[in-house]
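Report on the following structure.
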Ligand code: SF4
Ligand code: SF4
Ligand code: SF4
Ligand code: FES
């Protein structure tokens, strides 16, 4: 591409022709405010006009996020005309926006607030005062709440739902001042094929999309002296929670997380990583069984509930490819109210299981009708990373200065294999470590399976497992990538033995419940923290070697895929109607 | 598929459904054909309720959201059937102050509809307009092509009776 020279606020820069004014300004050290643009998702609708700039020779101000530069162009980004226009744009947005910042879920991390500050809004000359909630707030989903009153119509959620996840629930509807972003047919979210992934929450610049808040219910349980409240935390929490307290992305805060949960008043602080190890033992054995007995292959992982719901909607014909293993969260719940109840001599009716998850779909999963194999609701409440952070702040806990603490027995011990569940490729890597051992009786020559790590959309690897031969596996994260593999299976062209799918880009570390902002960069850093946990912190790196898991089999489950496992740890799936089309042509 | 067809047959004749399917079939493999399909479908069916939109989405392999977005974007498309008669109440300033508002309220009550809706018996589609340019006659109600000036709530019922 040809290089061109442009002058921005008297600064000369050389950029490739076709570069946007926004990008060129960035190169000149100028940050133009933006709002509707979501660059990482390739989403620049040029709609909000917060980013306007003045180009000499152009009568109107241009939207710098989409306007391409040309050689010799003279651009002004801070002239009075530009500053006034930007302010007006933001003022108009605010005039049509409930002034609820002090109690809004996005307070402090809201891009509209940030932009208002950046463009120097000091007053709103047109302010409306009434924003009735009726018909504007959709609380139907157990995972995601939509508040249409706060929507600024940027359409980022539409892009992520359609392009990244290929679920395509959301759409702009009607036009002009009537325009609203809604699910198809303006249905409540719970009545659509929304998979509850929460990626739209991460994409939304404001408080128009957020997790269903279950914090109050958890406080209530903690206050109730008759309840024994136990908590589990997913792998991805320890790699991200620190960000909520100002620590850089990629800081591993396992010990502080556990200390904080204890201070909040949980009776036992266990760890989902423990049941992640258990999942690997069950799933590894299931895989070996399918290979040996000619069962359905490729077998696909089943620990990501958004992925499961996606499959139930779009690939109901392929449900028998899914492993029957429950997710670690649900294995934990079922065991907490059976194995742990027995172990501790507590009536399971009085045990409350709380999960801390990076994921909004986990809230949906916990409510699935079949998830009560313990005889009770296996998991009572699910909080996202963000909700936990809010509880910690509310309790006044000085998170960053907490001492490191250890989880409780008998459901807290974990291995490096369990912890990498939180990153795309991690379940695959953990499963292969154990499957290799189950089949050969030997430890894999190298426990690090590099090709399945990283943020490439679809990853492949193959490895030799002596008596079986070469085993080909694939890993996908983000449902658009999963779709590619599913279509191959449907066409009979997938020669894989085992496939890992995670609903969210990056895996759980990029889940819809993780701290905001969650970008590709933060995803990579959080995953990095988990690989450090695996290789440097944990002494044991293979799930089947977890002493607490071995004890669990010895004292309670007796054998993988055995009678009790079947009852408590495995599940079935629900076809949710075929014929939900997904994308253009 | 069957359920979807039953849904359609509640509102349309088998002939209409066959025509809809024929339209979809004809455009199926042509990219970017959503708008022509909707246009032709509306010509045959008169309106495009959810059941029709789903049929079209499935036929063209498009997300429901896409079809719904397009149908609501263009004012040409309608999701509700039109009544045999169209009533327009003028709510321009002149008519409004001369009692147009009361007429509108009364109509909404008698017909059980809101702006833009059609009565269950499909007798009337009710709309409001901003100024018909007949301010001297206000408040004005237009039924089909007939202008009824100086309308009073008491006169309304009698007037409606002339449109069955
Ligand atoms: S979305 Fe942003 S601007 Fe709107 S109320 Fe919430 S914090 Fe304030
Ligand atoms: S939660 Fe996921 S599937 Fe549901 S609307 Fe948001 S992005 Fe789409
Ligand atoms: S809900 Fe959020 S992301 Fe979606 S259009 Fe509205 S403001 Fe944008
Ligand atoms: S950021 Fe450029 S128009 Fe919205």
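Every number in this text was worked out from the coordinates using simple rules, so none of it is lab data. If you're wondering where the values come from, they're calculated on a predicted model, not measured in any experiment. Counting neighbours? That spans all protein chains shown, and the Cβs are built from the backbone with ideal geometry, glycine included.
So what is the relative contact order for chain A, in percent, with contacts set as C-alpha pairs under 8 Å and at least six apart?
15 percent.
From the Cα trace of the stretch B:2-73, what convex hull volume per residue do you get, rounded to a whole Å³?
Per residue, the Cα convex hull of the stretch B:2-73 comes to 80 Å³.
Determine which residues of the stretch A:282-299 fall in the zone a paramagnetic label at residue A:318 would reach in this model, i.e. backbone nitrogen under 18 Å from the point 7 Å along Cα→Cβ.
Within reach of a label on residue A:318: A:295-299.
Going by average Cβ density within 10 Å per residue, which order do the peptides A:501-508, A:186-193 take, highest to lowest?
A:501-508, A:186-193
How far, in nm, would the chain grow between residue A:535 and residue A:574 when pulled straight, counting 0.36 nm per residue and subtracting the alpha carbon separation?
Length gained, residue A:535 through residue A:574: 10.2 nm.
Would you look at the GNM of chain B, springs on alpha carbons closer than 10 Å, and say which of B:139, B:49, B:153 moves the most?
B:153
Once R0 is set to 41 Å, what does the formula 1/(1 + (r/R0)^6) return for the Cβ-Cβ distance between residue A:190 and residue B:15, expressed as a FRET efficiency to the nearest 0.05?
After rounding to 0.05, the efficiency reads 0.65.
Over all directions, average the projected area of the Cα convex hull of the stretch A:447-585 and note it in nm².
Result: 12.4 nm².
As an exercise, take the mean of 1/r over every pair of distinct alpha carbons in the stretch A:470-519, invert it, and state the Kirkwood radius in angstroms.
Averaging 1/r across every pair of different Cα atoms and inverting gives 11.9 Å.
What distance in nm separates the two pseudo spin-label positions at residue A:175 and residue B:86, each 7 Å out from Cα along the beta-carbon direction?
If labels sit at residue A:175 and residue B:86, their model points lie 1.7 nm apart.
What's the long-distance tail for the stretch B:85-160, i.e. % of Cα pairs beyond 13 Å?
Within the stretch B:85-160, distances greater than 13 Å cover 60 percent of Cα pairs.
For the pair residue B:75 and residue B:150, what calculated FRET efficiency results from E = 1/(1 + (r/R0)^6), where r is the Cβ-Cβ distance and R0 = 25 Å, to the nearest 0.05?
So, using R0 = 25 Å, E works out to roughly 0.25.
Okay, helix-only estimate at 222 nm for chain A: each DSSP H run of n ≥ 4 adds -39500 (n - 2.57), divide by all residues, round to 500 deg cm²/dmol; what do you get?
So the calculated ellipticity at 222 nm is -9000 deg cm²/dmol.
Looking at the P(r) of the stretch A:3-94, how many percent of alpha-carbon pairs lie beyond 17 Å?
44
With an 8 Å cut-off on Cα pairs and a minimum separation of 6 or more residues, tell me the relative contact order of the stretch B:85-160 in percent.
Result for the stretch B:85-160 is 40 percent.
Hey, if you drop one equal point scatterer on each alpha-carbon of the protein assembly as shown and run the Debye formula without solvent, what base-10 log of I(q)/I(0) do you get at q = 0.08, 0.10 Å⁻¹?
Computed log10 I(q)/I(0) values: -0.77, -1.10.
For the stretch A:182-317, what percent of Cα pairs sit more than 23 Å apart?
Result: 58 percent of Cα pairs exceed 23 Å.
Students often get this wrong: which residues of the stretch A:214-257 have the backbone nitrogen under 18 Å from the point 7 angstrom along Cα-to-C-beta of residue A:349?
Residues A:224-229 qualify, since their backbone N sits under 18 Å from the label point.
Report the dimensions of chain B along its three principal axes from the alpha-carbon atoms, largest first, rounded to Å.
In descending order, the Cα extents are 56, 27, 22 Å.
Would you please give the FRET efficiency between residue A:559 and residue A:95, computed as 1/(1 + (r/R0)^6) with r the Cβ-Cβ distance and R0 = 51 Å, to the nearest 0.05?
0.20
Can you give the Rg to Rh ratio for the stretch A:216-569, taking only C-alpha atoms and Rh from Kirkwood?
My calculation puts Rg/Rh at 0.94.
Could you work out how far apart the two model spin labels at residue B:93 and residue A:134 are, taking each label as a point 7 Å from the Cα in the direction of the beta carbon, and quote it in nm?
2.9
Length gain on complete extension for the stretch residue A:84 to residue A:216, per 0.36 nm per residue less the alpha carbon to alpha carbon distance?
Extra length from residue A:84 to residue A:216 when fully extended: 43.2 nm.
Please work out the C-alpha center-to-center distance from the stretch A:504-580 to the stretch A:83-126 and express it in whole Å.
41
Could you tell me whether the stretch A:131-212 comes out rounded, prolate or oblate from its Cα gyration tensor? Rule is a ≥ b ≥ c as square roots of the eigenvalues, rounded for a/c under 1.5, then prolate if a/b exceeds b/c, otherwise oblate.
Rounded.
Cut-off is 10 Å between beta-carbons; in what order do A:452, B:71 appear when sorted fewest neighbours first?
In order of increasing Cβ crowding within 10 Å: A:452, B:71.
Could you list A:315, A:573 so that the one with the fewest beta carbons within 10 Å of its beta carbon is first and the one with the most is last?
A:573, A:315
DSSP beta bridges in the protein assembly as shown, what fraction antiparallel, as a percent rounded to 5?
Percentage antiparallel, nearest 5: 55.
Evaluate peptide B:134-143: per residue, the Cβ atoms of other protein chains within 10 Å of its Cβ; return the mean as an integer.
Per-residue shielding by partner chains comes out at 0.
Sort A:352-365, A:295-308, A:144-157, A:198-211 by the packing proxy (mean of other Cβ within 10 Å over each peptide's residues), most packed first.
Peptide ranking by packing, descending: A:352-365, A:198-211, A:295-308, A:144-157.
Could you sort the peptides A:535-547, A:425-437 by per-residue average Cβ neighbour count (10 Å cutoff), highest mean leading?
Order by mean packing, descending: A:425-437, A:535-547.
On average, how many beta carbons from a partner chain sit within 10 Å of the beta carbon of a residue in A:186-195?
Whole-number average of other-chain Cβ neighbours for A:186-195 is 1.
Percent relative contact order of the stretch A:51-124, based on C-alpha pairs within less than 8 angstrom and at least six residues apart?
28
Testing the spin-label approximation: label points 7 Å from Cα along Cα→Cβ at residue B:130 and residue A:103. State their distance in nm.
Inter-label distance under the simple model: 3.6 nm.
For the stretch A:333-401 and the stretch A:446-463, what is the separation of their C-alpha centers, rounded to whole Å?
About 32 Å separates the Cα centre of the stretch A:333-401 from the one of the stretch A:446-463.
Mean residue ellipticity at 222 nm from the helices of chain B, using -39,500 (n - 2.57) per DSSP H segment of n ≥ 4 over the full residue count, to the nearest 500 deg cm²/dmol?
-14000 deg cm²/dmol
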